[in-house]
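Below: one structure, written as structure tokens.
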Amino acid sequence: MTWVPERLVWRVLPAAPAAVLLAVWAIYWWIERPPPSTIPSIAAVVWIYGEQLLNGLLVADIAASLARLLGGAALGIVTGIAAGFVAGLHRPTAEFFNPLVTFFNAISGIVWLPLVIGWLGVGTALATFLIWNTVFFIVFQNTVLGVQLVPEVLELSVRTLGASRWETLKSVTLPGALPYILTGIRSGLGFGWRALIAAELVGANTGLGHMIFSGAEYHRADIIVAGCLAIGVIALAMDRWLLVPVERRTVRRWGLVTEARGN
Amino acid sequence: MASDKISVSGFRHFFPTEDGPVQATGTIDLAIREGEFVTLVGPSGCGKTTLLKAIAGFIAPSEGTILCDGKPVKGPGRERGVVFQELAILPWRTVRRNIAHGLEIAGASKAVRESTVARLVDLMGLAGFEDRYPHELSGGMRQRVAVARTWAADPEIILMDEPFAAVDAMTRLTLQEELGRLCATTGKTVFFITHSVDEAVFLADRVLVMTKRPGTIKAVLEVPRHGSGGRDWDSFTADPEMRNISEQVMHLVHAERGAR
Amino acid sequence: MMAARAFRELRILIPFAAAIALWWGIKDGIGVSNTLLASPAQVWTAFVYLATHGVLAEYAATSLQMIGVAAAISFALGVPLGFAVGTNRYAARALEGTLRFLQGISGIAWLPLAILWCGFTHTTTLIVVIYTLIVPIVFNTMTGVRAIPENYVLALRSLGASRLRIVVDVYFPGALPSIVVGLRLGMGYGWRALIAAEMLVRQGGLGDLIFGARTFNQIDRIMVGMIAIGILYIVVDRLLVQPIESMTLARWGVLRR
């Protein structure tokens, strides 16, 4: 009867790497006692959370980062899908803009910082611009691909049912392209989140990126580690509670994507 | 009994799941003689594939023993080749390199590999496709490659798990005749799983019928051969004796469906 | 025929000509100040200056060398790690969540800590870029290995293949398309992380070039650097990564998920 402990092992396995890491970290810190400017103690990191929660700084930083991400990503998604539909439905437009998109995608995000800092100054506008710039190209490219790949026969068959051009666009093209659009959004948010943190390191006075950068200025490794963990948790939460459910309720229900096999 | 190539006794298998073990098969005993073509027919989910995987050595039986040439099976081996239901030929190797794969693993010389491939390509009607990749072939062609790969490695026993299930009906008839001919010329011992009654009778020296899950063997029918070489569908369907056996098997299988 | 082909090749320049015209129009039409935007002519002059004085080549070489070293190290470490994790279902179960979590913490977020450990050095930049590159490579190698049909492995085992043989003949080619996707994604993340890290570490590289130019309001130099960053990224992607991808996909007919 070996399956009961096996089942338990299976349950706790995902927590194992974190547990091992924490143990090694604790033991190392106990023996070496490194200066707080290099490796903080676990207690110090926990303390930071307590302290920053109490004085409201952590919440303010997280709120600032999320607001920027939300604003920039929303802009990027809306403009990306709109432009993507135009280009996707009209091949010459797509072909004309394709080289420009390739080039501007290659310099999207943080590369613009030194130039745009002169236009928008330091702060939310700058970060929002960089996120928009990052998300737009990824969503745009995926939307174009999705729209172009919707089988023409589906569109024609709905047209023969008497649907207008607009009706067809709404009921056939959009859902047909949706898997690609969602892939684009997911990937775009991944890049956008990175761009945001990078932008906040240099070009902001609030936000998680600024929090970790100030940690470096004051030689406080505990602040940096606390900030990094918060960044990871937020990214994970966004993926799990925002993107995965959206995907499950739409694309997966229609059977448009098959989940990766493997056991 | 000394010439038994495969002997399974007291075999029973359980799969562990989150809700405890699930019984995959009932108690199974069977013996396959050298050079014999044995088919196993049964409803889906009865544990046919589990039995085949155990003989192949991919899973260790929960109970019972499996002997190959009198020696217990401990994992997969070159003397037992397997042809799978789903295509298991590698998409990144050409037809030629897929067929030669077993020989390559065994460290055979280039000359041996080339002559074996040439012989099997000829036998399986793959001439002209040697340098194609699997995705450029039809389903039937790909399954021919899978069969050829197993034969090229020259195992003593060949285990086949519904190899023609995914092939269209017309191609399947051709493949069955080709397989019959191939076995008649090479004299291999074959254990063949299927859920098609006609296929089971057409190919077999002996048909085993399995009950529904957890499956046991409920009946064994001999299928006599007249003359050498494989059977062909024209004379098979015209032969009243064969039709009679097919009907018997059909009844046995249908009874399992009714018992569900 | 030749002329037609040459024309088709040249056609990709038309959109750029249009973009430059628009850029020039905005600059001169509205009269945007030189501290905000440089004109195409000014950027060209700055480019000629930086190129002829070897400055551009030096900064670009630093960036390319960094990304090359980081990609090589990430590939050499990430692919075997991905195999180890992908072929063992316990390891996969244990590490999948952790890898997802690490992927959420961008490499650049570790830059402040790396600066505390290694100072303002190339090592710091390398740590950040390798971290950025390696996570998608490990992750995609793992998913690629796990998506390989079990029958491929079973069939080879019944042909008598050893474990090493299975890795070489099944796992590596089977996971290659996914590995390359991981590498492309990693290069996308990694190149940006490199530029960002160079801006802060200030030890050479194109990120240093454009951020340094910011300090002196040299907009023309910033724009030369941006264009160089874009072109180099496209060249690396088109010349190195895409050929492997299309070769494996086209020849084997393995579809990318």
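Read the figures in this text as sums done on the coordinates, not as results from a lab. As the structure is a prediction and not an experimental result, all values here were calculated from the model. A quick note on method: Cβ atoms are made from the backbone with ideal geometry, for glycine too, and the neighbour counts reach across all protein chains shown.
Separation of the range C:146-200 and the range B:120-185 by C-alpha centroid, Å? When both Cα centres are located, 30 Å separates them. For the range B:1-91, the set of trypsin sites (Lys or Arg not before Pro) satisfying both a DSSP loop assignment and a count of at most 13 other C-beta atoms within 10 Å is given as B:LYS74. Charged neighbours of C:ALA21, selected by a Cβ distance under 12 Å, balance to 0 (K, R count +1; D, E count -1). Once both labels are positioned 7 Å from their Cα atoms along Cα-to-Cβ, the gap between B:ALA165 and C:ALA3 label points is 6.3 nm. Working from label points 7 Å from Cα in the Cα-to-Cβ sense, the A:TRP166 to B:GLN23 distance is 6.6 nm. When exposed loop sites are taken as trypsin sites (Lys or Arg not before Pro) in a DSSP loop with at most 13 other Cβ atoms within 10 Å, the longest stretch of chain A clear of them is A:1-252.
Residues A:HIS219, A:HIS210, ranked from the fewest to the most other C-beta atoms within 10 Å, line up as A:HIS219, A:HIS210. In chain C, helical runs assigned H by DSSP with n ≥ 4 each contribute -39500 (n - 2.57); averaged across all residues and rounded to the nearest 500, the mean residue ellipticity at 222 nm is -25500 deg cm²/dmol.
In order along the range B:180-185, the Karplus-derived 3J(HN,Hα) couplings, from 6.51 cos²θ - 1.76 cosθ + 1.60 at θ = phi - 60°, round to x, 5, 4, 5, 5, 7 Hz, and Gly and Pro are given as x.
For B:LYS212, the lysines whose Cα falls under 22 Å of its own Cα, not counting residues fewer than eight places away in the same chain, are B:LYS48, B:LYS53.
Working value for the range C:24-105: equivalent-ellipsoid semi-axes of 47, 20, 8 Å, each the square root of 5 times a Cα gyration tensor eigenvalue, largest first. Pick from B:GLU162, B:GLU177, B:GLU241 the residue whose mean-square fluctuation is largest in a GNM of chain B, springs joining Cα atoms under 10 Å. Most flexible of the set in this elastic network: B:GLU241.
Centre-to-centre, using Cα atoms only, the range B:73-109 and the range A:131-153 are separated by 42 Å. Spin-label model, A:VAL12 to C:VAL235: label points 7 Å out along the Cα-to-beta-carbon direction sit 5.5 nm apart. Per residue of chain B, the DSSP helices (runs of n ≥ 4 H) give a summed -39500 (n - 2.57) that works out to -11500 deg cm²/dmol at 222 nm.
Loop-located GluC sites (Glu not before Pro) in the range B:28-106 (DSSP state other than H, G, I, E, B) with a sparse environment of at most 10 neighbouring Cβ atoms within 10 Å are absent. Where only DSSP H runs of four or more residues are counted, chain A gives -24500 deg cm²/dmol as its mean residue ellipticity at 222 nm, each run worth -39500 (n - 2.57). Label zone of C:ARG202 (point 7 Å out along Cα→Cβ, amide N under 16 Å): in the range C:119-153 this covers C:119-122, C:125. Using a cutoff of 8 angstrom between alpha carbon atoms and counting only pairs six or more residues apart, the relative contact order for chain C works out to 23 percent. Measuring gaps between exposed loop sites in chain A (chymotrypsin sites (Phe, Trp or Tyr not before Pro); DSSP loop; at most 13 other Cβ atoms within 10 Å), the longest gap, sites not included, is A:1-217.
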